[in-house]
Amino acid sequence: MTSLFDSVALRAEHVRTVTARNRLWISPMCQYSVFAEDGLPTDWHLVHLGQFAVGGAGVVFTEATAVSPEGRISPRDTGIWSDEQAHAWSRVAAFVREQGAVPGMQLAHAGRKASTYAPWGMDGRGTVPPEDGGWAAVAPSPVAFGRYAVPSALDEAGIDGVVADFAAAAERAVGAGFEVLEIHAAHGYLFHQFLSGLANTRTDDYGGSLENRARLLLRVTEAVRRAAGDRAVFVRLSGTDWAPPELADRAWDQDQCATVAGWAASAGADFLDVSTGGILPAADIPLGAGYQVPFAAHVRRSAGVPVATVGLITDAAQADTVIRTGQADAVMVARAALRDPHLALRMARELGVPLDYVPGQYLRAY
Ligand SMILES: Cc1cc2nc3c(=O)[nH]c(=O)nc-3n(C[C@H](O)[C@H](O)[C@H](O)COP(=O)(O)O)c2cc1C
């Protein structure tokens with residue numbers, strides 16, 4: 001039986017296997033800490049991500065890292081659209097690797113949710129206007145997210161530009177030393193906007209049928225796969241829009257998610273990372289321990305692809321049970337790891353699993 005502290009191969013067909021030492025991984029978390037607003041990661045990012053690698057996690061993901069300046073959620077996001085940014089990230093990737101964790105980067109474009117004020121440390125809410133350093137957002141359709149500014153619809157050239165930006169970003173991320181590249185297609189950001197009929201009203205090859213709505217994500221997955229070489233490629237999807245019944249006929253749901261997950265695997269994704277929500281500003285979400293696990297389990301069962309699950313998984317026995325019962329191949333944690341960056345080491349102790357990767361510097365504490 002597979003358990004939480006068993007290692008796992010991250011590449012579907014491995015030329016050179018990328019292996020994670022365990023199945024407890026750090027989920028991407030925006031830090032809104034690029035105060036210079038130039039997309040360059042700082043010492044904050046090194047220490048913040050480094051602590052999770054010291055703390056025993058199997059894979060440590062960067063925050064949503066923008067593939068282009070206009071793809072940033074806020075002016076304080078990190079980026080990977082320049083060589084200077086890649087160079088700054090290489091220090092973070094090297095440190096994470098030196099501690100025995102796999103460094104992963106989440107590649108992102110916020111689409112209609114771009115150019116917003118950071119949730120803390122900035123005076124403002126919602127869309128940042130141009131006079132305050134904001135920019136015009138792009139999306140599949142001119143449909144706003146709640147009270148955010150109305151985005152402009154991407155034309156064919158704009159769509160090709162997004163594919164090229166992801167390919168270039170993936171190449172830079174590999175050059176910087178990242179061994180997993182995750183395409184962010186969840187939480188109501190650009191690719192999820194294309195996938196969900198609640199944000200995509202296009203009538204061309206990128207709207208309408210599921211094939212059309214998934215076309216951009218699959219093009220990007222193929223491009224990132226090519227750029228990734230022997231590194232692993234993940235795709236983060238939302239398992240549902242949590243839409244009310246009156247919107248259900250246009251919304252994204254778990255069966256569409258499982259179908260597209262299978263297509264993404266055929267296009268070169270090694271792992272699907274299943275979260276939920278983000279397309280509707282106010283959704284009625286039945287929050288509770290492990291509430292998103294069934295969505296990952298559905299994708300794993302229906303599409304037959306390796307999956308990671310995430311969301312209110314805070315306890316060692318709970319995380320271990322998800323793996324032992326075959327609901328997911330890995331567990332990602334966000335907030336519990338902010339409270340305890342050494343969560344993996346603590347969970348191993350609680351489960352009575354001896355680890356040979358407690359840092360020598362900290363051995364006297366164990
Ligand atoms: C501070 C913070 C920042 C986040 N930023 C991102 C992000 O950049 N990309 C992403 O896919 N999810 C992001 N999330 C969502 C988490 O990755 C995770 O899916 C969610 O918090 C549920 O997991 P948890 O219950 O373990 O916190 C963020 C969550 C938090 C708390």
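In region 103-122, the residues that are more than 30 Å from G55 (Cα to Cα) and part of a strand (DSSP E or B) reach residues that are away from the ligand (no atom under 12 Å from the Cβ) and hydrophobic (A, V, I, L, M, F, W, C) with C-beta atoms within less than 7 angstrom, at least six apart or across chains, in these pairs: T116/V128. Scanning region 74-91 for residues that are crowded, with 21+ Cβ neighbours inside 10 Å and touching a residue at least 60 places away in the same chain (Cβ under 8 Å) yields I80, Q85, A86, W89. Any residue in region 320-338 that is surrounded by fewer than 23 Cβ atoms within 10 Å (Cβ to Cβ), without any contact (Cβ under 8 Å) to a residue 60 or more places away in the chain and near the ligand (Cβ under 10 Å from one of its atoms)? Within region 320-338, one or more residues are surrounded by fewer than 23 Cβ atoms within 10 Å (Cβ to Cβ), without any contact (Cβ under 8 Å) to a residue 60 or more places away in the chain and near the ligand (Cβ under 10 Å from one of its atoms).
When L345 is tested against (1) under 15 Å from I26 (Cα atoms); (2) assigned to a helix (DSSP H, G or I); (3) within 12 Å of the ligand (Cβ to nearest atom), only condition (3) is not met.
Pairs linking a residue in region 55-72 that is over 14 Å from A344 (Cβ atoms) to a residue that is assigned to a helix (DSSP H, G or I), with Cβ atoms under 6 Å and 6 or more positions apart or on different chains, are V67/D165; V67/F166; V67/A169; S68/D165.
All of (1) touching a helix residue (DSSP H, G or I) at 6+ places or on another chain (Cβ under 7 Å); (2) of a type in the set (D, E, K, R); (3) surrounded by fewer than 20 Cβ atoms within 10 Å (Cβ to Cβ) hold for R23 with one exception: (3).
Which of the following residues is of a type outside the set (S, T, N, Q), touching a residue at least 24 places away in the same chain (Cβ under 8 Å), in contact with an Asp or Glu (Cβ under 6 Å, 6 or more places away or on another chain) and away from the ligand (no atom under 16 Å from the Cβ): P359, P306? First the steps, then the outcome.
Values: P359 fails: in contact with an Asp or Glu (Cβ under 6 Å, 6 or more places away or on another chain).
Being of a type outside the set (S, T, N, Q), touching a residue at least 24 places away in the same chain (Cβ under 8 Å), in contact with an Asp or Glu (Cβ under 6 Å, 6 or more places away or on another chain) and away from the ligand (no atom under 16 Å from the Cβ) holds for just one of P359, P306, which is P306.
Go through region 259-284 and give me each residue that's of a type in the set (A, V, I, L, M), away from the ligand (no atom under 16 Å from the Cβ) and more than 25 Å from F145 (Cα to Cα). Within region 259-284, A265, A267 qualify. Counting just the residues of region 9-59 that are within 22 Å of P306 (Cβ to Cβ) and more than 19 Å from the chain's Cα centre (by Cα), which one comes out modelled with the lowest pLDDT? My answer is V15. Kindly evaluate A282 against the criterion of being part of a loop (DSSP other than H, G, I, E, B), more than 16 Å from the chain's Cα centre (by Cα) and modelled with pLDDT under 95. So A282 passes the test.
Taking the conditions (1) within 18 Å of the chain's Cα centre (by Cα); (2) outside any strand (DSSP E or B); (3) of a type in the set (S, T, N, Q) in turn, T65 satisfies each one other than (2).
A quick yes/no check of all residues on (1) at pLDDT 95 or above; (2) closer than 13 Å to S196 by Cβ; (3) more than 19 Å from the chain's Cα centre (by Cα):
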site: E211; (1), (2), (3): yes, no, yes
site: V220; (1), (2), (3): yes, no, no
site: A223; (1), (2), (3): yes, no, no
site: D230; (1), (2), (3): no, no, yes
site: R236; (1), (2), (3): yes, no, no
site: D241; (1), (2), (3): yes, yes, no
site: E246; (1), (2), (3): yes, no, yes
site: W252; (1), (2), (3): yes, yes, no
site: G262; (1), (2), (3): yes, no, no
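The values are calculated or read from the model by the stated rules, or taken from the named source; none is laboratory data. Treat the numbers as computed from the prediction; the structure is a model and nothing was measured. Glycine gets a Cβ as well: all are built from the backbone with ideal geometry, and neighbour counts include every protein chain shown.
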